[in-house]
Amino acid sequence: MQHDLFAPLWLQYKIQNMTSFKMKIQKKIYLRLPVCVSLLSLLLSGVEAAQKTNSDKIPDRIILNLTTQPSTSIAVTWRTIVETINPSAQISETSEWIEFTSSAKHFQANKERLVLDNGKSVYQYSVIFNGLQPNTKYCYRVGGDSIWSEWNQFGTAENKTAPFAFLYFGDAQHGLKTFYPRIAREANRKHPEAKFWLFSGDLIDRPQYDSLWYEFFYASNFIHSYVPSVMVPGNHEYGKEDSSGEKISSEMLIDSWKPHFTLPENGIMGLEETSYSFVYQGVRFVMLNGNEKLQEQAKWLDSVLSKKSEQWVIATVHQPLYSMSKTRDQRKTRDAFLEVFDKYSIDLVLQGHDHVYARSATLVNGAKVNATAKGTVYVTSNSGSDSYRINPLYSNLMDKFGTDVQLYQVVSINGRKLSFSAYTATGAVYDTFELIK
């Protein structure tokens, strides 16, 4: 406002006083503005810090694993960035509405601190839900300290011989965030009836790096929280590297294997959660660690199968008995297990390692037999984005083989019939066969 020279003196005086008062107010505001901004910044940073702390306490990498009693129990594992002081899990039979939460049972969780490759620590937790009812759908959540995951649903197995299907994946390992996800998600979309997923090793290429574990769980996202898994370690789950990436030991299971999974411990001493056995609805599964103590595992396997009463037996080992890639010939694996496989006529052996697809005829002692005769079918598959050239060393034993293809497999058992189908990422059938008892 400008002064009017022709205005009365009393009005000019009033205008001057008003201008002076306005300047004083503005000066006070300007002087206090940095304080206000600082307080606001402090408040916002506090909110952001609280939000980050809470997000670091939210459970992630939630995964269900089968136990030795899949009709009455199941295992769940998860992690947080910031330690949960009172970690636990809750479970209840599910219902049409949300009233199931009022009857949820609490299970105290086991806690383990895991040091990552960058020197930082995270916290892994596990619970085994026992005392469940067979063939029943449950809801559960994990967490603690008032911060919980979402409620997830799963179903227990039947406690008798009954038809079911499961999915089998060869080496995910390469392209975990780029190419493997389409296989995992297509498999889940096309075959929601699968009771569990089975991995034959080399889930990750260099598992000492937490970023690759993140990619593995990213690929399957929330699927692992409601579809149980079982797995064996491959050679890439073994060995530690120095800062340059050079392997300094190839005889040690990577530290991050056991914290990420809660698998059965009923194999030989020293190979807990890497070599084990379980029965699912009348089918015996034997999961073998192809990296160490092979002869000891063979003796254990002989003992397990000598007492079996199941009609079907399916084995998993990472390293194939009849290799079909590069110049490989896994004689150690074959020398250790072939005699036991033949002795008990194991029906199906699921393998990885070779980054190709190969499915044998029915074999006994390395030779083809009639498809209706007792014997074993060996399958090698690859779900990742790295493929190897075909090695023709054992091509005469194979009924189907190929490379440069990403695959997942559906195995269905119904009474005296086992059906096997391999699918490409586009959903096309790549191979199929049946075994009849």
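The values are calculated or read from the model by the stated rules, or taken from the named source; none is laboratory data. None of these values were measured; they are calculated from a predicted model. Positions of Cβ are generated from backbone atoms using ideal geometry, with glycine treated the same way; all protein chains shown enter the neighbour counts.
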Anything in segment 194-208 that is aromatic (F, W, Y) and modelled with pLDDT under 95? List them, or say none. none
I need the full set of residues from segment 340-353 which are in contact (Cβ under 8 Å) with a residue 60 or more places away in the chain and within 24 Å of Q173 (Cα to Cα), in order please. L348, L350, Q351, G352, H353
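How many residues, within segment 367-398, are farther than 22 Å from V429 by Cα and either free of Cβ contacts under 8 Å to residues at least 12 places away in the same chain or surrounded by fewer than 17 Cβ atoms within 10 Å (Cβ to Cβ) (or both)?
So in segment 367-398, the residues farther than 22 Å from V429 by Cα come out as 367-370, 372-376, 391-394, 396.
Checking the rest, the ones that are also either free of Cβ contacts under 8 Å to residues at least 12 places away in the same chain or surrounded by fewer than 17 Cβ atoms within 10 Å (Cβ to Cβ) (or both) come to 367-370, 372-374, 392-393, 396.
Total satisfying the criteria: 10.
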Quick check: anything in segment 330-337 buried (at least 22 other Cβ atoms within 10 Å of the Cβ), free of Cβ contacts under 8 Å to residues at least 60 places away in the same chain, in contact with a Ser or Thr (Cβ under 9 Å, 6 or more places away or on another chain) and within 27 Å of R416 (Cβ to Cβ)? no
Selection from segment 71-84 of residues part of a loop (DSSP other than H, G, I, E, B) and surrounded by 24 or more Cβ atoms within 10 Å (Cβ to Cβ) yields none
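Every residue, every condition in (1) part of a loop (DSSP other than H, G, I, E, B); (2) closer than 26 Å to K400 by Cα; (3) not assigned by TED's automatic domain parsing to the domain that holds G170, yes or no:
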| residue | (1), (2), (3) |
| --- | --- |
| E296 | no, no, no |
| L301 | no, no, no |
| H318 | yes, yes, no |
| E339 | no, yes, no |
Of the residues T72, T53, which single one is modelled with pLDDT of 95 or more, out of contact with any Gly (no Cβ under 6 Å at 6 or more places or on another chain) and hydroxyl-bearing (S, T, Y)? T72
Where S309 falls short, out of the listed (1) in contact (Cβ under 8 Å) with a residue 12 or more places away in the chain; (2) part of a loop (DSSP other than H, G, I, E, B): (1)
Conditions: (1) part of a strand (DSSP E or B); (2) more than 26 Å from the chain's Cα centre (by Cα); (3) closer than 26 Å to P233 by Cα. Y408 meets all but one. Number of the miss? (2)
Determine which member of the set V317, V364, V279, V304 is surrounded by 23 or more Cβ atoms within 10 Å (Cβ to Cβ) and in contact (Cβ under 8 Å) with a residue 12 or more places away in the chain. V317
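Could you tell me how many of the residues in segment 172-210 are of a type in the set (S, T, N, Q) and closer than 14 Å to H260 by Cβ?
Narrowing segment 172-210 to residues of a type in the set (S, T, N, Q): 173, 178, 188, 200, 208.
Keeping just the survivors that are closer than 14 Å to H260 by Cβ gives 208.
Residues flagged as of a type in the set (S, T, N, Q) and closer than 14 Å to H260 by Cβ within segment 172-210 amount to 1.
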Identify, from the list K105, K160, the residue that is charged (D, E, K, R) and closer than 30 Å to G415 by Cα. K160
Only one of (1) part of a strand (DSSP E or B); (2) within 22 Å of A184 (Cα to Cα) fails for S385. Which number is that? (1)
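With the structure loaded, tell me whether I128 is part of a strand (DSSP E or B), modelled with pLDDT of 95 or more, more than 21 Å from E265 (Cβ to Cβ) and touching a strand residue (DSSP E or B) at 6+ places or on another chain (Cβ under 7 Å) or whether it fails that test. Break it down into steps so the answer makes sense when it comes.
Working: part of a strand (DSSP E or B): yes; modelled with pLDDT of 95 or more: yes; more than 21 Å from E265 (Cβ to Cβ): no; touching a strand residue (DSSP E or B) at 6+ places or on another chain (Cβ under 7 Å): yes.
Criteria not met by I128.
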Output the residues belonging to segment 88-119 that are in contact with an Asp or Glu (Cβ under 8 Å, 6 or more places away or on another chain) and among the acidic types (D, E). D117
Looking at segment 85-106, which of its residues are in contact (Cβ under 8 Å) with a residue 12 or more places away in the chain, part of a loop (DSSP other than H, G, I, E, B) and of a type in the set (A, V, I, L, M, F, W, C)? I85, A104
